[in-house]
Amino acid sequence: MVSNRSHESINRESSGEVGQPLPEEPASEMVVLPREECLHLLASHRFGRLAVAMDSPVIRPVNYVFDERSQSVAFRTADGSKFHAMLTNGNAAFEIDGIDPDSRTGWSVIIVGMTEEVTSQSEARRLDRLGLETWTPGHKAHWMRIRAWTVSGRRIVLPSRPT
């Protein structure tokens, strides 16, 4: 037998608030972040996700530094499929984010650009001075970077309450 009661009345009955309207969840808002704020977030974090395409897309976590001079995300990598895919394709996306599950708010920054291996010894030494400490074991012989040509960011915020 199918009940004719609405979900709203069932929810009110199960919450012990028969006859009371359900409380409304505060609606969140999506805010576009300006480029400067996106770059600041990139510079103040050290962990993100690298997306490259081979036969199918591959996403890998990497720790990185943001190089203000070249406006790029720089990281070290060892020889392997991730490295090979970047050299072959030349395009990548990189994403960082922060969330607060309790308030249901957060932010995300994505850059898209060409990947390049840093082959200049002087440039590699300069990047070494930025203080990247790789999290995974093993020798990471190659500095790679993605220049932040396309930068986008979004923030999910709760609406302002009138005072």
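Each value in this text was obtained by applying a stated rule to the coordinates, not by laboratory testing. Owing to the predicted nature of the structure, the values given are computational and were not obtained by experimental measurement. So basically every Cβ, Gly included, is an ideal-geometry build from the backbone, and we count neighbours across all protein chains shown.
Once you keep just the Cα pairs under 8 angstrom separated by 6 or more residues, what percentage relative contact order results for the range 33-155?
Relative CO of the range 33-155 lands at 32 percent.
Place a +1 charge on the Cβ of each Lys and Arg in the range 33-155 and a -1 charge on the Cβ of each Asp and Glu, then give the dipole magnitude about the Cα centre in debye, rounded to the nearest 20.
With only Lys, Arg, Asp and Glu charged at Cβ, the dipole is about 100 debye.
Could you work out how far apart the two model spin labels at Ser70 and Arg104 are, taking each label as a point 7 Å from the Cα in the direction of the beta carbon, and quote it in nm?
It works out to 4.2 nm between the two label points.
Label points 7 Å out from Cα along the Cβ direction at Arg154 and Glu95: separation in nm?
Result: 1.0 nm between the two label points.
In nm, to one decimal, how far is the modelled label at Glu117 from the one at His40, with both set 7 Å along Cα→Cβ?
3.7
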